[in-house]
1. Let me know the charge dipole size of the chain about its Cα centre in debye, to the nearest 20, where only the beta-carbon of Lys, Arg (+1) and Asp, Glu (-1) is charged.
2. I'd like the trypsin sites (Lys or Arg not before Pro) in segment 1-41 restricted to DSSP loop residues with at most 13 other Cβ atoms within 10 Å, sorted by number.
3. Rg/Rh for the chain to two decimals, with Rh computed the Kirkwood way over all alpha-carbon pairs.
4. Excluding ligands, DNA and RNA, what is the solvent-accessible area per residue of the chain at a probe of 1.4 Å, expressed in Å²?
5. On full extension of the chain, what length is gained from Asp23 through His4, given 0.36 nm per residue of separation minus the C-alpha to C-alpha distance?
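The values are calculated or read from the model by the stated rules, or taken from the named source; none is laboratory data. Note that the structure is a prediction, hence the values are computed from the model and not measured. In this analysis, Cβ positions are derived from the backbone assuming ideal geometry, glycine residues included, and neighbour counts consider all displayed protein chains. Accessible surface areas use protein heavy atoms only, side chains included; no ligands, DNA or RNA. Shrake-Rupley method; radii C 1.70, N 1.55, O 1.52, S 1.80 Å.
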Amino acid sequence: AIQHRIENPLSKLLLDGSFGPKDRIVVTTDPIRTPGQFEFRKAAEPRIEAVA
């Protein structure tokens, strides 16, 4: 189930260039509206603040 629902779709997104080599990928799901379906998105870049 993990391979079918997470690994395979994520592999396709990696191969088509949706995510880069150093991207952090967040996987989410909504078990009420879309049970068994996962969404993949880039994680927000951490903010680096300079201290003076």
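1. Dipole magnitude for the chain comes out near 40 debye.
2. Those that pass, being in a loop and sparsely packed, are Lys22, Arg24, Arg33.
3. On the way: Rg = 14.5 Å, Rh = 12.9 Å.
For the chain, the value is 1.13.
4. Details: 4870 Å² over 52 residues.
Averaged over the residues of the chain, the accessible area is 94 Å².
5. Answer, rounded to one decimal: 4.6 nm.
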